[in-house]
Amino acid sequence: MAPTKNLYSILGVNRDASDDDVRRAYRQAAQRLHPDKNERLGDTELFLEINHAYEILSDQNRRSKYDDELAESEAQEAEESAFRLEIRQSRKNLLQLDEPQVHYLLLDIFPAPDLLETRPPVNMAIVIDRSTSMRGPRLDQVRSATLTILRDLHPSDSASIVAFSDRAEVLVSPDQAQEEATARARMSLLQAGGGTEIGQGLELGLAELERNFSRDGVSHLILITDGRTYGDEELCLEMANEAATRGITINAIGIGSDWSDRFLDEVTSRTGGTVLFMDTPKAVTGLLNRIFEAMSRSVVNRVRLEGELNAKVDLRSAFKLLPDPMPLGDTLPMQLGALPRDGQIRVLLEVVIHPIGQIQVLDLAHLRITGIVLQAEEGTGDFPLSLRNSVSRRPDPDPPPEAIVSALSSVALYRMQEKARHEAELGQASQAARRLENLATHLLAGGERELARAALNEAERLTHTRRLSLEGEKMLKYGTRALLLPAPAKSSS
């Protein structure tokens, strides 16, 4: 059975749209696309599709029959999808309340068991900051780590090394990367000097990836920097958006403390990537290996979560917990990166449900997980997900799933340091210090002694200087973010 077209999406309304909503959307679309007013290619066909959607959705009997057909089509699509999904919710039943209520959803996305487990070709660009501040051990360690990665390349892989300061150049081409002696000689030319213009490095690195792009492979740009870029932030964000549309993931490794974590978070999250914090240059080899191995294990690329929530439901926040913790913001669609063949993508959604009145069932959301299946004939693999919740006056007697409780506990610690940092920036040093002391107490209770000590040190610093240290900010941010990773399963022996 061919997938049923989503007439709601064609008309631009939610599935719970009222008759008035449907009529209003139709009138707006008809005025915009009527053939008498528009001659753009494709507008006439779209106008006919909108007419067809309106004819069905404006008729209650035809709409009801269509809804059944759509549900059947989506069930079959899910069965044939490249994904398998496990979903847990904080409550089985929503409450009939006259005030907003918070609800949590935990999505675990797995590859279908019949997906090919062949290693995909890796298309990689390592973009290295060679500004003056990278001089010495930092650049030496990055040079050594990069050469280690190049030794692990397969013949089908492509790797470029780009170096940038206030200009950029390709230091090692894909052909040179396959020859160890040549790559080593080229990397010896890497010398520090100049300012930091990340846009220069991103532009050239993305161009290299485009040149060697393969639909059956994974394309990643790895940015390594210890500094802040000035004046080209918007350009970098635009390039990140373009990279996402082309299936390129940007990851970043920040060295030391004088780089903009918020900026790099924004750049990488737009592509489904992540930021890794490195307080010592010696750790760069391990981090590069980790990223390279993850690329080699990918079976579905460009995974993203899209769809719509009920008009009475707002998305407050989302966190990716696996494979790498990363806040995702509060808007759909969301880029989730690549799905590993031996792992999963785990996402925690926090939604606010506004007063829903005396109803028995609420269509909470209609979501869709999409992705590009690597080395597969058909290529794409979608999983439609419709969430319909019962509504009751009685509280759910069962406690929330342990996985959600554990995730929320870790998210609370991450948010605590974020609030303390915001308070410190507003000049509320005493309040920020108290919050960090509270954070330290929770961290100690969880056995995180090093992080607790860092929180206490920053609290004391606030009382004397009324500022957080750059190093302390990043240690607390990425330390508490790492706590979002689920604890390893205990052995049954």
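The values are calculated or read from the model by the stated rules, or taken from the named source; none is laboratory data. Predicted model, so just to flag it, every value in this text is computed and none were measured. All Cβ positions, glycine included, derive from the backbone under ideal geometry; neighbour counts span all protein chains shown. The accessibility values were calculated without ligands, DNA or RNA, using every heavy atom of the protein model including side chains. Shrake-Rupley method; radii C 1.70, N 1.55, O 1.52, S 1.80 Å.
Looking only at the stretch 101-129, count how many residues are open to solvent by less than 10 Å² (accessible area, probe 1.4 Å), within 23 Å of P400 (Cβ to Cβ) and among the aliphatic types (A, V, I, L, M).
Summing the residues that are open to solvent by less than 10 Å² (accessible area, probe 1.4 Å), within 23 Å of P400 (Cβ to Cβ) and among the aliphatic types (A, V, I, L, M) in the stretch 101-129 gives 4.
Are there any pairs, at least 6 apart or on different chains, whose C-beta atoms fall under 9 Å, with the first in the stretch 15-40 and more than 18 Å from D67 (Cβ to Cβ) and modelled with pLDDT under 80 and the second open to solvent by less than 50 Å² (accessible area, probe 1.4 Å) and part of a loop (DSSP other than H, G, I, E, B), and if so, which?
Listed by first residue and then by second, the contacts come to R32/N38.
Determine, yes or no, whether D216 is in contact with a Leu (Cβ under 7 Å, 6 or more places away or on another chain) and over 19 Å from S269 (Cβ atoms). Quick ask: steps written out before the conclusion?
On the way: in contact with a Leu (Cβ under 7 Å, 6 or more places away or on another chain): yes; over 19 Å from S269 (Cβ atoms): yes.
In short, yes.
Looking at D108, is it modelled with pLDDT under 90 and either farther than 30 Å from S165 by Cα or out of contact with any Gly (no Cβ under 6 Å at 6 or more places or on another chain) (or both)? Working first, answer last.
Working: modelled with pLDDT under 90: no; either farther than 30 Å from S165 by Cα or out of contact with any Gly (no Cβ under 6 Å at 6 or more places or on another chain) (or both): yes.
No, not satisfied.
Out of the stretch 264-281, which residues are more than 17 Å from K477 (Cα to Cα), part of a helix (DSSP H, G or I) and among the small types (G, A, S)?
Selection gives nothing.
A quick yes/no check of all residues on (1) open to solvent by less than 10 Å² (accessible area, probe 1.4 Å); (2) more than 21 Å from R143 (Cα to Cα); (3) out of contact with any Lys or Arg (no Cβ under 8 Å at 6 or more places or on another chain); (4) not in a loop (DSSP other than H, G, I, E, B):
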| position | (1), (2), (3), (4) |
| --- | --- |
| H220 | no, no, yes, yes |
| Y230 | no, yes, yes, no |
| C236 | yes, yes, yes, yes |
| N241 | no, yes, no, yes |
| G254 | yes, no, no, yes |
| R262 | no, yes, yes, yes |
| A283 | no, no, yes, yes |
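For M134, which of the numbered conditions (1) within 28 Å of the chain's Cα centre (by Cα); (2) open to solvent by less than 10 Å² (accessible area, probe 1.4 Å); (3) within 19 Å of L287 (Cβ to Cβ) fails to hold?
So the condition that M134 fails would be (1).
Every residue, every condition in (1) loosely packed, with under 13 Cβ neighbours inside 10 Å; (2) modelled with pLDDT of 90 or more; (3) of a type outside the set (A, V, I, L, M, F, W, C), yes or no:
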{"position": "V351", "(1), (2), (3)": "no, yes, no"}
{"position": "P355", "(1), (2), (3)": "yes, yes, yes"}
{"position": "V361", "(1), (2), (3)": "yes, no, no"}
{"position": "T370", "(1), (2), (3)": "no, yes, yes"}
{"position": "R394", "(1), (2), (3)": "yes, no, yes"}
{"position": "P400", "(1), (2), (3)": "no, yes, yes"}
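Please verify whether Q375 is at positive phi, touching a Gly at 6+ places or on another chain (Cβ under 9 Å) and not acidic (D, E), treating the condition exactly as stated. Reasoning before the result, please.
Details: at positive phi: yes; touching a Gly at 6+ places or on another chain (Cβ under 9 Å): yes; not acidic (D, E): yes.
For Q375, the condition - at positive phi, touching a Gly at 6+ places or on another chain (Cβ under 9 Å) and not acidic (D, E) - is met.
Please go through the stretch 95-123 and give me each residue that is closer than 30 Å to A283 by Cβ and in contact with a helix residue (DSSP H, G or I) (Cβ under 7 Å, 6 or more places away or on another chain), ordered by number.
Of everything in the stretch 95-123, those that are closer than 30 Å to A283 by Cβ and in contact with a helix residue (DSSP H, G or I) (Cβ under 7 Å, 6 or more places away or on another chain) turn out to be R119, V122, N123.
Within the group A412, A429, which residue is surrounded by fewer than 22 Cβ atoms within 10 Å (Cβ to Cβ), modelled with pLDDT of 95 or more, out of contact with any strand residue (DSSP E or B) (no Cβ under 9 Å at 6 or more places or on another chain) and closer than 30 Å to I345 by Cα? Break it down stepwise before answering.
On the way: A429 fails: closer than 30 Å to I345 by Cα.
A412 is the lone residue from the list that is surrounded by fewer than 22 Cβ atoms within 10 Å (Cβ to Cβ), modelled with pLDDT of 95 or more, out of contact with any strand residue (DSSP E or B) (no Cβ under 9 Å at 6 or more places or on another chain) and closer than 30 Å to I345 by Cα.
In the stretch 137-149, which residues are under 22 Å from N212 (Cα atoms) and over 27 Å from the mean Cα position of the chain (by Cα)?
Answer for the stretch 137-149, where residues must be under 22 Å from N212 (Cα atoms) and over 27 Å from the mean Cα position of the chain (by Cα): L147, T148.
I'd like to check something: does the stretch 311-320 contain any residue that is open to solvent by less than 10 Å² (accessible area, probe 1.4 Å) and in contact with a Gly (Cβ under 6 Å, 6 or more places away or on another chain)?
no
Just checking, does the stretch 60-70 include any residue being among the basic types (K, R), modelled with pLDDT of 80 or more and over 23 Å from A365 (Cα atoms)?
Filtering the stretch 60-70 for residues among the basic types (K, R) gives 62-63, 65.
From what is left, the residues that are modelled with pLDDT of 80 or more are 62-63, 65.
From what's left, over 23 Å from A365 (Cα atoms): none.
No, the stretch 60-70 has no match at all.
Just to be sure before I move on: is T274 within 29 Å of D114 (Cβ to Cβ) and either at pLDDT 95 or above or crowded, with 18+ Cβ neighbours inside 10 Å (or both) in the structure I sent? Write out each step before concluding.
Values: within 29 Å of D114 (Cβ to Cβ): yes; either at pLDDT 95 or above or crowded, with 18+ Cβ neighbours inside 10 Å (or both): yes.
Spelling it out, T274 is indeed within 29 Å of D114 (Cβ to Cβ) and either at pLDDT 95 or above or crowded, with 18+ Cβ neighbours inside 10 Å (or both).
From the list L204, L189, which residue is open to solvent by 30 Å² or more (accessible area, probe 1.4 Å), at pLDDT below 95 and in contact with a strand residue (DSSP E or B) (Cβ under 8 Å, 6 or more places away or on another chain)?
Matching residue, one of L204, L189: L189.
Would you say S144 is at negative phi, open to solvent by less than 40 Å² (accessible area, probe 1.4 Å) and among the hydroxyl-bearing types (S, T, Y)? Working first, answer last.
Values: at negative phi: yes; open to solvent by less than 40 Å² (accessible area, probe 1.4 Å): no; among the hydroxyl-bearing types (S, T, Y): yes.
Considered against the rule, which asks whether it is at negative phi, open to solvent by less than 40 Å² (accessible area, probe 1.4 Å) and among the hydroxyl-bearing types (S, T, Y), S144 comes out as no.
So for the stretch 164-186 (the condition being crowded, with 23+ Cβ neighbours inside 10 Å and charged (D, E, K, R)), does at least one residue qualify?
No.
Within the stretch 53-100, track down each residue that is of a type outside the set (A, V, I, L, M, F, W, C), open to solvent by less than 90 Å² (accessible area, probe 1.4 Å) and part of a helix (DSSP H, G or I). Full working, then the answer.
As a first pass, look at the stretch 53-100 and keep what is of a type outside the set (A, V, I, L, M, F, W, C): 54-55, 58-69, 72-74, 76-77, 79-81, 84, 86, 88-93, 96, 98-100.
If we keep only those that are open to solvent by less than 90 Å² (accessible area, probe 1.4 Å) as well, we get 54, 58-59, 63-64, 66-67, 69, 73-74, 76-77, 81, 84, 86, 88-91, 93, 96, 100.
Scanning the stretch 53-100 gives Y54, R63, S64, Y66, D67, E69, S73, E74, Q76, E77.
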